[in-house]
């Protein structure tokens, strides 16, 4: 069995895909000899933004607003949902003015549709994740309600982040459906469905727990899959712990607010201490209310972690795809080998493998030489076909591994960069919190010392 | 005495309201009267406050109080709790060690063992002898929970400290310090004390007094002078505020305890993650160790709060009760006088005798009021000092806590900026 090792001499090719069904399919859909990840590839002709070249330096995308809407769903029942305004601006020159080129409303389910499409058509890419569907890892002050304005706001940011990630990905940014998502409001869903991507989806990818016994997977993918499982586990745990800590910290700060009230009441019965107690009470109130901003900032850190929690899933999906391709390859090779053996046995007359035909022949008499000839011929045809398919599968497999690994390397660097930044900004947040604390308690101490 | 705190912040109607009173459980049903470790080295040594136990030797030649004798000449410690088991009962005794340079004491050092009952006796005697002086409070008999946890280590430690504070306060009081009973308490060998206790007013006369007191209490006092009206009003409000502060502080301890418990997991979780990574391992490890250090600092802060602030607040809650008792006793004397005056007005016989008695009672009331007035001022000053220094110390602890955490995170950032080749961003506005 051949190891599906990356072959460096082959020219780089994106994964072979059917061209999109849409009549206006642009250049990115074709399988060409383009170098992968060439963000500077201009479309035909001029220097202005081409239809399909959506790399981050050329355009700005924002999800700028969220609006509650009511409508009728598929079952003709009234439902409330949130729509998000997606705006695209083109930037001609750096520091130049940005011009609003497109603006349309999308709801969460359409983002999901886009992502599912990308997952099917780019199985070798670690596809950026969407913000969570339902609020998880909440601590008591946050609402788990999807319509809660804070949740909606954080989701808005998450959706914007998703689009920016797609737009800055060297391969995904050139996808036509993505382009249409940003530019064509009506009819977009139909266009996506017309691609028939749901049919192409490998249902086995969803069956996450089903094991396929693969004899020779690329060890790197096996390790990576293991890593992504561990990463998911550790980040979920971290998010849970963090939520509980936030809850408790909130309690500590807020109870100090009661000092404020009691000091204030106490000051009413005191003469010399009256003013001091009032001030001290005020500082306690300031302290108690400072926690709200602090925890809001921390929520941002949690969101960054969540993104990579979900990214881990995307990583896992790529590994899974490799597993499945390898499995198919091994099955095909096995099948071919058995056919070859059958053929050999028929030709030489030795029976080594069990076959029903063989048994019946034994029981009911030999077949005629003509019958045997025809069977051998059929088998030989099948074998020839099988060899071709195996070759193709092998090729496919190697391409996949090469391209997937390239994207994985890109992803790893991105992840390390982003998470390092997130951790550093967490430290910065803690520092800010400490400084606020020092200030408040120094003031309080002064009040008491002066009394 | 509890006041239900209404929900809603003192400073506005934001969503960040105060915890509602039910959530605070301010109705006295607290299961969390926790007292923490006995690590006395962590306590703030505030030399001005008599509530901080110090060794007698270290107190010599220290600060004097304005109206106190020029130099403290009586130093007392309470320590070394010991459990005693007899067939009838189990109880704890404490070592009471005294150092003094006073002439009236036979020696300069004494060491006796006393149990809680003995302290109770002493307090009773002091109150009897000086009904309108503000005798310091004793810790409660047992934690009001239903389950008598008298022999729990932290309970004993809390009690020990409170007993020590009690004796020091008595020693510092310009009048009480010269009480004969006090001297006996400090010096009498253990057997002698019980003999001494048996002296004093007999049971019958005690009963008689109680009956008369009850009758007078029913009658009530007619014209309480305005200054004592004001005093009484203050005492009531003050007691209530102290009760609230005590509860709030206990609640803060509880919340902080829970916070620390959760926080303990945060560092290790980051460390666990660091094991999965290569490039990120360094940063994650750094964050993990910062979190661990901050967690330890939080525990230290918590211990400080429990050991330094809570006992002071609790003592002043008890002071509230003492003061109420003092007011009652003063009123009682006035009521006695008033009833005698009334008798004088309506009775025709024994007028000479009655007039004499009235005269005596007038003097008694005069003395009582004067004593109370003076002691009240003294108490007010001392209260102000004790509470402000306790809160100031608490605030200082918090400042130091945040400074420690700040230093931890800043040094972490410094390591990161080397690797990161980017200026660490300035703190947020």
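The values are calculated or read from the model by the stated rules, or taken from the named source; none is laboratory data. All of these numbers come straight from a predicted model, not from anything done at the bench. Cβ sites come from the backbone with ideal geometry, for glycine too, and all protein chains shown count toward neighbours.
Close Cβ contacts (under 8 Å, 6 or more residues apart or on different chains) running from residues in the stretch B:132-145 that are assigned by the TED database to the domain that holds residue B:172 and within 19 Å of residue B:91 (Cα to Cα) to residues that are modelled with pLDDT of 85 or more and surrounded by fewer than 17 Cβ atoms within 10 Å (Cβ to Cβ) comprise B:138/B:120. In this structure, is residue A:288 within 30 Å of residue A:423 (Cβ to Cβ) and either touching a strand residue (DSSP E or B) at 6+ places or on another chain (Cβ under 8 Å) or in a loop (DSSP other than H, G, I, E, B) (or both)? For residue A:288, the condition - within 30 Å of residue A:423 (Cβ to Cβ) and either touching a strand residue (DSSP E or B) at 6+ places or on another chain (Cβ under 8 Å) or in a loop (DSSP other than H, G, I, E, B) (or both) - is met. Only residues that are at the interface with chain A (Cβ under 8 Å from one of its Cβ atoms) and touching a helix residue (DSSP H, G or I) at 6+ places or on another chain (Cβ under 6 Å): list them for the stretch B:363-402, please. Within the stretch B:363-402, B:388, B:391, B:392, B:395, B:396, B:398, B:399, B:401, B:402 meet the criteria.
Just so you know, in the stretch B:84-98 the residues that are more than 16 Å from residue B:162 (Cβ to Cβ) and touching a helix residue (DSSP H, G or I) at 6+ places or on another chain (Cβ under 9 Å) include one that is surrounded by the fewest Cβ atoms within 10 Å (Cβ to Cβ), and it is B:91. The residues in the stretch B:233-265 that are closer than 12 Å to residue B:316 by Cα and either more than 9 Å from chain A (Cβ to nearest Cβ) or touching a strand residue (DSSP E or B) at 6+ places or on another chain (Cβ under 9 Å) (or both) can be counted, and the count is 4. Are any residues in the stretch B:127-161 over 13 Å from residue B:322 (Cβ atoms), at pLDDT 85 or above and under 18 Å from the mean Cα position of the chain (by Cα), and if so, which ones? Across the stretch B:127-161, the qualifying residues are B:156, B:157, B:158, B:159, B:160, B:161.
Evaluated against (1) within 14 Å of chain A (Cβ to nearest Cβ); (2) assigned to a helix (DSSP H, G or I), residue B:335 falls short on exactly one condition, (1).
Has the stretch B:239-249 got any residue that is surrounded by fewer than 20 Cβ atoms within 10 Å (Cβ to Cβ), assigned to a helix (DSSP H, G or I) and assigned by the TED database to the domain that holds residue B:411? Yes, there is a match, as at least one residue in the stretch B:239-249 is surrounded by fewer than 20 Cβ atoms within 10 Å (Cβ to Cβ), assigned to a helix (DSSP H, G or I) and assigned by the TED database to the domain that holds residue B:411. On the given criteria, is residue B:299 within 9 Å of chain A (Cβ to nearest Cβ) and surrounded by fewer than 20 Cβ atoms within 10 Å (Cβ to Cβ)? Spelling it out, it is not the case that residue B:299 is within 9 Å of chain A (Cβ to nearest Cβ) and surrounded by fewer than 20 Cβ atoms within 10 Å (Cβ to Cβ). Per this entry, residue B:269 is not counted among residues that are in a helix (DSSP H, G or I), facing another protein chain (nearest Cβ under 9 Å) and modelled with pLDDT under 95. Taking the listed residues B:353, B:310, B:344, the one that is surrounded by 22 or more Cβ atoms within 10 Å (Cβ to Cβ), more than 12 Å from chain A (Cβ to nearest Cβ), modelled with pLDDT under 95 and assigned to a helix (DSSP H, G or I) is B:310, with no other qualifying. Among the conditions (1) more than 17 Å from residue B:187 (Cα to Cα); (2) at pLDDT below 90, the only one that residue B:107 does not satisfy is (1). The set of residues in the stretch A:262-276 being facing chain B (nearest Cβ under 7 Å) and free of Cβ contacts under 8 Å to residues at least 24 places away in the same chain consists of A:262, A:264, A:265, A:266, A:269.
One residue stands out among those in the stretch A:300-310 that are closer than 20 Å to residue A:248 by Cβ and touching a helix residue (DSSP H, G or I) at 6+ places or on another chain (Cβ under 7 Å): the one that is farthest from the other protein chains (Cβ to nearest Cβ), which is A:302.
Per this entry, residue B:194 is counted among residues that are farther than 23 Å from residue B:386 by Cβ and either part of a helix (DSSP H, G or I) or at pLDDT 70 or above (or both). Please tell me if residue A:289 is facing chain B (nearest Cβ under 8 Å) and under 22 Å from residue B:237 (Cβ atoms). Here the answer is no, as residue A:289 does not meet what is asked.
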